[in-house]
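Input: a single structure, listed below in structure tokens.
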Amino acid sequence: MRNAICTFCGNACDDIEFDGFVGKNLCPLGEAKFSAKQRIEGPVVNGERVSYEEAIDRAVEILVNAKRPLLYGFASTVNEAIRLGVILAEKLGGIYDQCSSVCHAPSTLAMIEEGIPGGTLGQAKNRADVVVFWGCNPVEAHPRHPSRYSVMAKGFLTKGRQYRHVIVVDVRKTATAYLATEFYQVKPGYDYAIFSALRSIINGHEDAVPDEVGGVSREKLKEFADILVNGKYGVIFYGLGLTHTRGSDRSVENLVKLVQTLNRHTRYIIQPMRGHFNVVGASAVAAWEAGYEYAIDFSRGHSRFFPSEFTAVEALIRRDCDAALIIASDPAAHFPKRAVERLTEIPVIQIDPHPNITTLIADIVIPSALVGIEAEGTIYRMDGIPLRVKKFKETEYWSDYEILKLMLDKVIRLKGE
Amino acid sequence: MALQIKNGIVVDPKNGISGEKMDIFIKDGKIVEEVKKNCRVIDATGKLVVAGGIDLHAHIAGCKINTGRAMRPEEMRFVRRKSNGLRAAVGRTLLTSPAIGYEYAKMGYTTAVDPATPSLYVIHTHEELDSIPIIDKATLPLFGNWHQVMRYSADKDIEKLKSFVAWVLERTKGYGVKLVNPGGVEAWMYGGNVHTLDDAVPGFGVTPREIITSLIAAVEELNLPHSAHIHCNNLGMPGNYETTMETIKLAKGFENRDRQVLHVTHVQFNAYTGSSWRDIGSGAEEIAKLVNRIESVTIDMGQPIFGHATTMTADCPWQFELHKLAKAKWCNRDIELETGGGIVPYVYRAKNAVNSVQWATGLELGLLVDADKIAISTDYPNGGPFNSYPYIATLLMSKKFRDEEMKKAHPYIEKATSLPSIDAERTIEDIVKMTRVTPARVLGMKNKGHLGTGADGDVAVYDINPMDYNSSNFQAILKALKNPLYTIKSGEIVVKDGDVVSEVWGRTYWVDVRDKTTTELIERDLEEYFNYYTVNRENYGVEERWLQNPLRVMAG
Amino acid sequence: MASKPVAGYGGVIILLVMKPRVDFEVNVEAEITPELAAKPFEEIKQFKVYYGNRLVPLEELFEIEKKGDDEILILEGDFSRVKWIGKSMEKGEVVIKGDIGAHCGAFMKGGKITVEGNADDWLGAEMEGGEIAVRGNTGNLVACPYWGNLKGMKGGRITVYGNAGNYIGEKMCGGEIEIRGDAGDFVGTEMKDGKITIHGNCGYVGGDMKGGEIFIGGSFEVVPAFIKTDDGFIGDVNVKGKGKVKALK
């Protein structure tokens, strides 16, 4: 199989060559993803092996009787399955939430406030002469990003590394910082203030900036602002270092405002470094089906968006869901303790190819085919570019789509719709 | 089961029927002469029976409208329908995909075309089109700022351009060729724009004039069902009507027996006189005269509706201007080698002089351009919601209604537009042309927009008698157009008494003209360009089997 | 805190008393206002509230006692999982004798809400008038606008005697907020008018502030887009703002 798409991170590299079990062009993270791993053998209900149909029947029974079932995960499956997940949540009167809510949700909230001046990764490759990595470390989290899209990429107009000014802003000297022309070390939690300071300088109000902001001197900030303004086409990539610190969504919003200001002088775009290979799809599908990207409650028969209450973590901590369907995710390993405690109190249904910590607390476990190897479908790269992941291995496992389709059909029948 | 629509008053201008009492029969999704047995009968005695409506320009799917939804939860809080039997539907002017299908059906429309998809994002566009219930649909890929198009246009290499157009339409399952601010979006990549048809595009040396005429030539030689479809340069700017007139004149060099050679879209936004926001006026009269005179050009209105809207277009430099003017949030997406897109929320205010000029200009076009050369549109959601078409039609049909509505608008329109002095009233037949016959002909969809044998079984029945209505009783007209007694899609009743009663799934039209050219001509260029894309050529585009219900059209 | 007679009702006091009857399986969305208290008792008992995806009569979840016809609601016990109390209320009074859930007093136009315990997020969101007093602490987003809306609090008064969370008075256009304790980050972001007073410490103050006044008793961090003046700061310069941030005297 040539030109297969790697289903690990938001890079969604589409040049993978598969030869049996080994893939060429994979980075270490992709290799780990595609190496043979333990699988869930078959559907299980309360410890007993059952058929797919029976497991789905039992799952539907739980979900239909719940007062507010939580449907969570989705960032590691295909849009076709996600769409059924959204419709299922609507028909059940439950919550649809996806992995964004614990990573780049602040970006959505910032977009709601100010919009996102963005572009495709190819814009960084072809045009960018200034590339900024703010609170992100692609060398370790998106290993092929620098060579395919940003730092060293050979573009149409910007031909390679020597034509780019690369800036890294972080709280410590990361691996990516070693690729940089300039590294600015900032105090944790001061990104918001630094964005305001840069805006003040660019807007001609140096006098509003104190001698030092977030560990960076005013002189350094002026030099930084100068580099930014003198770029012909700049791209600012940002990551969890920004979205997971103090003032997350407001910090991203302030970055957007900085980019708005920069566009009054030259051209700039920003791009969040998204984690899972289809976390963008899990947002987009929900938006066209229900109007919002995550934290959607359907208890009133239509969608409502309340990120302070209906994200999976909040709904669990607030004890506002009484059953959970977890698909392609491992909340028991990653959620805060109080949220996991609630998960252990309510019936949990899991759909996943591999066993994980959530499997241990799930009442019903339904194994699924591996997306991008055993099941095909559409995914969105971190910049939203849609790609079709391929199926090149036969399997006995049902795909996420098939499992959710039967669930939805049964729910609709039970509800008499 | 077959369907008989009995005793209705049929208005079917394409077949020369203007208000005859007759029966319409539908079998297997198509209009037939007659069905004798096993036929469900709908009584339409004294009611208007017409073909299903067609929207030839509405941004109903893809990354632009979807980013709009995500950035505007304030738009999505309006609840239209709860989930019971059918899907829940929400949205004020921006709608979810289920709501889009339902709202079209609820006004008797059965077809809509998305007019602008970035090809790199086309899988997404098709996913959304496939999530819109009821209506038939299609999408037009964007060509006007594509590096390869600009290069072939600069080289005047029409053969390669034809090959490229055919390749793109197949890869995208697209229906036609769209241009948005040709050259201007490429200039935007470094913060610029183009301002006349003869400005050189930075880095390419080509001019908008050359891009437009080259693409018209390619489309005509390939004989696509739909002509080149253009959003002109200088959209939104005072004085832009001159650029629009010049663009329209470019059609003069071409001819086509069946249809126009250039469709100029949402002309209202490109029909302003004046040199600033202070002396802006309407150039609609002059544009109307020109359009009526040149056989080979058609237009649509782009009517703004007072109230909320969300502007979204590939015209990035204009969107940045609007972001600054309206002091509103702004999404932008620069798309490698091809195009871009921008989104800015907007409110058209009746009390605002400029907005009122825009409102009046759209209506002037709707009243002054021949009904077989103009289609009703709002450039959804740029001018406002598409479900305001009944409101627009009623404004065009009733001078009294216009007078009432004009009272709400800014008095500046008396000075800056000719609307107050226009007494003309559109007939029902005119409206049927502007919402059915004309868009079907513009799009080259021969089985749509009429009720002749073999046409699609898409029918709307309204509670108004075309032979006996009073244009000053505008409330009655508006009510009738807003609440069809029936909307029938492919022979199925989908709307009864103004509400959706069942859901069917329409088709996606696309055009295959690969047999008119050969990809070999551009093979080496494609290989070269794919070095600069971040997606491999093998992963570019969409396969027919991924679509739910594709309908491949071979060009004539 | 003891239940005190409510001022202005001349001695005839408690009118509608509600207590949770069950341990809620999911949270309750009860969009009730004091006007409910004036309705016939049967109607009150049958008033529908959202219990997850079910609509249930009030009496299924709460013990209700009616003692008169004035528009006063007394909520006894733990209402921390009951949301939207006093939504859009125009007059009358709500007294909450314990904690209250999110969105309490959202869109409030008039009347008074007293919370004797703690309040959750979105207290007085997009409030236009009336008065809210919280004896304990509040969560995040006090008097903020809902996502995508352009205006926050427009009028009225909110007093929190304890501490408040992050985001206070965003896009505020009028009215007054007073926090007697400490507050979190982002006080008065994009504020246009009105007054916010924080007696204790807080984090970032005044980002993109256009107008209005913020007074702070303890420590705070003004964003680096304000010009220092004799008695405080003026900004935010990035939006040509004339907002004032001053130390509370």
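A short reminder: the numbers here are calculations on the coordinates, not readings from a lab. It should be emphasised that the depicted structure is a prediction, and the values quoted were computed from it without experimental measurement. Here Cβ is always computed from backbone atoms with ideal geometry, including for glycine, and neighbour counts include all displayed protein chains.
Across the cross-link table entries A:Lys159/B:Lys156; C:Lys87/C:Lys240; B:Lys21/B:Lys496, which are compared at the Cα atoms, the separations over 30 Å belong to C:Lys87/C:Lys240.
The three principal axes of the C-alpha atoms in the protein assembly as shown carry coordinate ranges of 87, 75, 73 Å, sorted with the longest axis first. Considering only A:Pro353, A:Gly204, A:Ala284, whose Cα is most displaced toward the positive end of the charge dipole of chain A, charges sitting on Cβ of Lys, Arg (+1) and Asp, Glu (-1)? Positive-end residue among those listed: A:Gly204.
Across peptide B:118-129, the mean count of Cβ atoms from other chains lying within 10 Å of each residue's own Cβ comes to 4. For the protein assembly as shown, a crude dipole built from +1 on the beta carbon of Lys and Arg and -1 on the beta carbon of Asp and Glu, taken about the Cα centre, is about 900 debye to the nearest 20. Antiparallel beta bridges, as assigned by DSSP with both residues in chain B, represent about 55 percent of the total such bridges.
Compactness check for the stretch C:74-181: Cα Rg over 2.2 N^0.38 Å is 0.91. Counting every other Cβ atom within 10 Å of each residue's Cβ, B:Asp497, A:Asp363 order from fewest to most as B:Asp497, A:Asp363. Computed from Cα atoms alone, the Kirkwood hydrodynamic radius reported for the stretch B:1-99 is 16.8 Å. Percent relative contact order of chain A, based on C-alpha pairs within less than 8 angstrom and at least six residues apart? The normalised contact order for chain A reaches 25 percent.
Each Cα pair of the stretch A:105-272 feeds into the Kirkwood radius, which the Stokes-Einstein equation turns, at 4 °C and 1.567 mPa s, into a diffusion coefficient of 83 µm²/s. In terms of its Cα atoms, the stretch B:250-381 spans 45, 41, 25 Å along the principal axes, sorted from long to short. Under 14 Å of direct C-alpha separation, and excluding same-chain neighbours fewer than eight residues apart, B:Lys400 reaches these aspartates and glutamates: B:Asp423, B:Glu425.
Rounded to 0.05, the FRET efficiency of the A:Ile412 and B:Ala200 pair, given R0 = 56 Å and the Cβ-Cβ distance, is 0.45. Per residue of A:145-154, other chain Cβ atoms within 10 Å of the residue Cβ number 1 on average.
The amide H of B:Lys47, built 1.01 Å from its N in the peptide plane, has B:Ile9 as neighbours under 5 Å, considering only residues 5 or more places off or on other chains.
Here B:Met301, A:Met273 are placed in order of increasing Cβ neighbour count within 10 Å, fewest first, which gives A:Met273, B:Met301.
Only Cα pairs under 8 Å and 6+ residues apart enter the sum, and on that basis the relative contact order of chain C stands at 10 percent. Projecting the Cα atoms of A:Phe305, A:Leu240, A:His265 onto the charge dipole of the stretch A:162-317 (Cβ charges, centred on the Cα centre) puts A:His265 farthest toward the positive pole. Partner chain Cβ atoms within 10 Å, averaged over the residues of B:523-536 - can you pull that number for me? Going residue by residue through B:523-536 and averaging, the value is 4.
In a reduced charge model with +1 at each Lys and Arg Cβ and -1 at each Asp and Glu Cβ, chain C shows a dipole moment near 620 debye about its Cα centre. Three principal axis extents of chain B based on alpha-carbon atoms, in descending order, are 64, 54, 46 Å. With springs only between Cα atoms under 10 Å, which of A:Glu253, A:Glu314, A:Glu396 fluctuates most in a Gaussian network model of chain A? Result for chain A, Cα springs under 10 Å: A:Glu396 fluctuates most.
Taking every DSSP helix (H) stretch of at least 4 residues in chain C, weighting each as -39,500 (n - 2.57) and dividing the sum by the residue count yields a mean residue ellipticity at 222 nm of -1000 deg cm²/dmol. Between A:Arg300 and B:Arg278, the distance separating the two model label sites (each 7 Å from Cα on the Cα→Cβ line) works out to 4.8 nm. The distance between label points at B:Asn38 and B:Arg349 comes to 6.2 nm (points 7 Å beyond Cα on the Cα→Cβ vector). Rg then Dmax, both in Å and based on the Cα atoms of chain C: 19.0, 63.
For the residue pairs C:Lys45/C:Lys83; B:Lys82/C:Lys19; A:Lys125/B:Lys160; A:Lys220/B:Lys329; A:Lys187/C:Lys246; B:Lys47/B:Lys489, the C-alpha atoms sit more than 20 angstrom apart in B:Lys82/C:Lys19; A:Lys125/B:Lys160; A:Lys220/B:Lys329; A:Lys187/C:Lys246. With contacts taken as Cα pairs under 8 Å at a separation of at least 6 residues, the stretch C:74-181 carries a relative contact order of 19 percent.
Inter-part distance, the stretch B:218-236 to the stretch C:163-182, computed on C-alpha centroids, equals 55 Å. Charge dipole (Cα centre; +1 on Lys/Arg Cβ, -1 on Asp/Glu Cβ; no other charges) of chain B amounts to roughly 1640 debye.
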